[in-house]
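Asks: Here it is, the structure in full.
The values are calculated or read from the model by the stated rules, or taken from the named source; none is laboratory data. Because the structure is predicted, anything quoted here is derived from the model rather than measured. Glycine also receives a Cβ, built like all others from the backbone with ideal geometry; neighbour counts cover every protein chain displayed. SASA here: full protein model, heavy atoms, side chains in, ligands and nucleic acids out. Shrake-Rupley method; radii C 1.70, N 1.55, O 1.52, S 1.80 Å.
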Amino acid sequence: MRSLWWSLLVVQILFLLGFSNGESPYRWYDWNISYGDIYPLGVKQQGILINGQFPGPSIDSVTNDNLIINIFNSLDEPFLLSWNGIQQRRNSWQDGVYGTNCPIPPGQNFTYILQVKDQIGSFFYFPSLAMHKAAGGYGGITIRSRPMIPVPFPPPTGDYTILVGDWFKQNHTDLKAILDGGNDLPFPDGILFNGRGSNGLTFTVDQGRTYRFRISNVGLTTAINFRIQGHKMLLVEAEGTHTLQNTYESLDIHLGQSYSVLVTMDQPGQDYYIVASTRFTSPVLTATSILHYSNSAGSVSGPPPGGPTIEIDWSLNQARSIRQNLTASGPRPNPQGSYHYGLVNTTRTIRLANSAPMINGKKRYAVNSVSFIPADTPLKLADYFKIPGVFNLGSIQDYPTGGGGYLQTSVMAADFRAYFEVVFENPEDSVQSWHIDGHIFFVVGMDGGQWSTASRLNYNLRDGISRCTIQVYPKSWTALYMPLDNVGMWNIRSENWARQYLGQQFYLRVYSPVNSWRDEYPIPKGALLCGRASGRRTRPL
């Protein structure tokens with residue numbers, strides 16, 4: 001039956017691709033999601049595997065490719081994958097978070113049909129429900145430039161993906177129970193490189209050659225600092241944008257962020273440490289991998305090189321140095337700087353403040369005092385079928401209220417083709433990390449203290465980096481300009497997964513009154529329906 005179902009689906013997908021995406025190439029993936037025993041820190045845990053792998057298989061694609069990813073859920077609980085940084089142009093139906101998709105029930109299939117439209121760069125996928133991310137189920141996504149579009153550096157000899165992040169020895173169900181009980185997560189137990197602990201991974205390189213390392217922080221709670229013993233890193237890309245090619249000895253990578261660096265193997269032939277350590281924590285966790293020269297005459301020696309620990313100003317100054325390369329082409333054959341984001345008047349200012357209130361005697365996290373609770377029906381489906389009572393537009397304010405926290409399925413209304421100024425304000429003592437689905441934004445400013453309209457005088461309106469995930473330092477603010485050029489229901493969330501799980505997120509409904517495929521694709525025929533959308537029909541093929 002599964003084989004027959006898959007064959008019929010292939011026919012439907014081929015029809016849709018031919019109709020909606022012309023001659024863009026497509027890539028097929030068939031993934032089985034299962035539990036398995038893993039030992040990343042030497043302790044047996046229940047991991048989430050994809051085709052028996054932890055981490056999951058990498059997706060290697062080219063701009064505008066269609067990705068057809070068939071998921072069979074062999075877990076004993078519902079499951080969803082989301083695609084961190086993939087914009088899902090006109091297609092929030094494929095975003096893979098509970099606000100847009102019904103979970104895949106145990107023993108059933110769902111096929112994601114998504115296009116990496118007008119994107120290049122380094123991203124990752126991850127499981128978005130509950131605390132599944134703490135059990136694995138993540139993997140890297142590479143989107144390469146089309147051959148006719150120049151890249152602003154010579155082709156590297158090799159290309160490595162590094163998925164790094166903090167890790168807990170407890171199973172994901174135990175971590176969820178801790179949060180459900182109103183308690184904080186314990187301190188992480190370690191850091192993993194591609195699912196392995198210290199010195200469990202070796203990258204072999206040739207002396208004199210240059211390699212690209214795509215590094216993503218897939219952790220749950222902690223920013224990390226990344227460095228390679230004795231080597232400098234040339235930053236070339238941040239979440240799909242070519243950067244000014246600055247050289248760094250170490251690089252802060254906050255939760256959910258991805259970078260590409262070029263490293264030239266210009267040292268004597270031996271082995272060197274690749275190091276990741278936690279930032280702004282006490283104690284500091286450190287893990288290492290090995291950079292192995294193919295002509296190595298000796299193993300690693302001495303202690304791993306140290307890095308910054310709790311220095312906020314150091315990190316802030318580095319973040320300000322990460323800017324757009326205005327002379328480079330993006331996924332289209334035109335300079336990235338041809339879009340003058342700083343010359344467009346913003347149409348609305350949204351100020352978003354994080355907080356950690358106690359609600360009903362339990363620790364929660366909130367945005368503008370609202371702690372998000374999932375509805376019984378995905379918001380996108382409720383919107384499409386016009387099901388009343390699932391959510392209310394305007395259930396979150398455009399500015400901090402200063403009041404105590406309360407529970408709400410918070411959705412903010414926004415108009416298609418509006419141009420937002422978004423200011424994240426962080427009154428707390430910890431570093432925050434925020435992600436916006438379905439869009440890129442331009443980072444125009446960040447600083448300590450309280451944001452005011454006078455802060456705009458120091459905005460970078462020329463070459464601010466465009467990306468989808470940004471940090472906000474303690475007692476500080478970060479400002480963005482964001483074109484709302486993608487119709488749909490989009491998740492805005494903390495990348496600290498405990499905070500996200502306990503309510504520090506909301507949805508942005510970008511609405512167009514024109515019912516046209518030009519603005520948004522129709523609901524997929526194979527969309528899963530659940531909650532109050534159960535029993536309804538999607539659409540004929």
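Asks: So which residues in the stretch 154-172 are buried (at least 17 other Cβ atoms within 10 Å of the Cβ) and over 23 Å from the mean Cα position of the chain (by Cα)?
Replies: PRO156, GLN170
Results for (1) surrounded by 24 or more Cβ atoms within 10 Å (Cβ to Cβ); (2) over 17 Å from GLN88 (Cβ atoms), shown as yes or no for each residue.
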site: LEU480; (1), (2): yes, yes
site: LEU484; (1), (2): no, no
site: ASP519; (1), (2): no, no
site: LYS525; (1), (2): no, yes
site: ARG532; (1), (2): no, yes
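Asks: Give the residues of the stretch 137-150 that are touching a residue at least 60 places away in the same chain (Cβ under 8 Å) and either touching a strand residue (DSSP E or B) at 6+ places or on another chain (Cβ under 7 Å) or over 29 Å from ASN491 (Cα atoms) (or both), sorted by residue number.
Replies: Residues satisfying the conditions are GLY137, TYR138, GLY139, GLY140, ILE141, THR142, ILE143, ARG144, ARG146, MET148, ILE149, PRO150.
Asks: Which residue out of GLY99, GLY42, GLY56, GLY36 is touching a Pro at 6+ places or on another chain (Cβ under 9 Å) and either assigned to a loop (DSSP other than H, G, I, E, B) or at pLDDT 95 or above (or both)?
Replies: Step by step, each of GLY99, GLY42, GLY56, GLY36 is checked, and only GLY99 is touching a Pro at 6+ places or on another chain (Cβ under 9 Å) and either assigned to a loop (DSSP other than H, G, I, E, B) or at pLDDT 95 or above (or both).
Asks: If I ask for residues that are in a loop (DSSP other than H, G, I, E, B) and either among the hydrophobic types (A, V, I, L, M, F, W, C) or not assigned by the TED database to the domain that holds VAL164 (or both), which ones from the stretch 270-324 would you list?
Replies: PHE280, VAL284, LEU285, ALA297, VAL300, ILE310, ILE322, listed by residue number.
Asks: What residue, of ALA130, ALA134, is touching a residue at least 12 places away in the same chain (Cβ under 8 Å) and either surrounded by 23 or more Cβ atoms within 10 Å (Cβ to Cβ) or basic (Lys, Arg) (or both)?
Replies: ALA134
Asks: For the stretch 102-155, how many residues are assigned to a loop (DSSP other than H, G, I, E, B) and farther than 22 Å from PRO25 by Cβ?
Replies: 15
Asks: Moving on to the next point. I'd like the residue in the stretch 491-510 that is out of contact with any Leu (no Cβ under 9 Å at 6 or more places or on another chain) and open to solvent by 10 Å² or more (accessible area, probe 1.4 Å) and, out of all such residues, is farthest from ALA134 (Cα to Cα).
Replies: GLN505
Asks: Determine which single condition LEU114 fails, assuming it passes every other condition in (1) more than 23 Å from GLN46 (Cα to Cα); (2) open to solvent by 10 Å² or more (accessible area, probe 1.4 Å).
Replies: Every condition holds for LEU114 apart from (2).
Asks: Next question. In the stretch 199-223, how many are of a type outside the set (Lys, Arg) and in a loop (DSSP other than H, G, I, E, B)?
Replies: 12
Asks: I'm checking my understanding of the structure. Among residues of the stretch 381-421 that are over 26 Å from SER534 (Cα atoms), at pLDDT 95 or above and of a type in the set (Ser, Thr, Tyr), which one is farthest from the chain's Cα centre (by Cα)?
Replies: Among them, the one singled out is TYR406.
Asks: Would you mention how many residues in the stretch 101-133 are under 15 Å from the mean Cα position of the chain (by Cα) and more than 20 Å from PRO55 (Cα to Cα)?
Replies: 3
Asks: Another one. How do the strands (runs of 3 or more DSSP E) wholly within the stretch 466-507 filter down when requiring 1 or more residues that are farther than 24 Å from PRO374 by Cα: which remain?
Replies: Because the criterion is at least 1 residues that are farther than 24 Å from PRO374 by Cα, the strands (runs of 3 or more DSSP E) in the stretch 466-507 that meet it are 469-472, 476-483.
So that you can scan it fast, the table gives a plain yes or no per residue for (1) closer than 25 Å to PHE416 by Cα; (2) within 27 Å of the chain's Cα centre (by Cα):
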{"position": "ARG493", "(1), (2)": "yes, yes"}
{"position": "GLN500", "(1), (2)": "no, yes"}
{"position": "ASN515", "(1), (2)": "yes, no"}
{"position": "GLY526", "(1), (2)": "no, yes"}
{"position": "CYS530", "(1), (2)": "no, yes"}
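The rows are residues; the columns are (1) closer than 26 Å to ASP271 by Cβ; (2) open to solvent by less than 10 Å² (accessible area, probe 1.4 Å).
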{"residue": "GLY181", "(1), (2)": "no, no"}
{"residue": "ILE191", "(1), (2)": "yes, yes"}
{"residue": "ASN194", "(1), (2)": "yes, no"}
{"residue": "SER198", "(1), (2)": "yes, no"}
{"residue": "LEU201", "(1), (2)": "yes, no"}
{"residue": "THR204", "(1), (2)": "yes, no"}
{"residue": "ARG209", "(1), (2)": "yes, no"}
{"residue": "ASN217", "(1), (2)": "yes, yes"}
{"residue": "ILE224", "(1), (2)": "yes, yes"}
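Asks: So, one more: Name the residues in the stretch 59-96 that are small (Gly, Ala, Ser) and either in contact with a Ser or Thr (Cβ under 6 Å, 6 or more places away or on another chain) or in a loop (DSSP other than H, G, I, E, B) (or both), would you?
Replies: Those that are small (Gly, Ala, Ser) and either in contact with a Ser or Thr (Cβ under 6 Å, 6 or more places away or on another chain) or in a loop (DSSP other than H, G, I, E, B) (or both): SER74, SER82, GLY85, SER92, GLY96.
Asks: Can I ask one more? Taking the stretch 125-166 only, how many residues are closer than 24 Å to ARG332 by Cβ and among the charged types (D, E, K, R)?
Replies: Residues that pass the stated criteria total 3.
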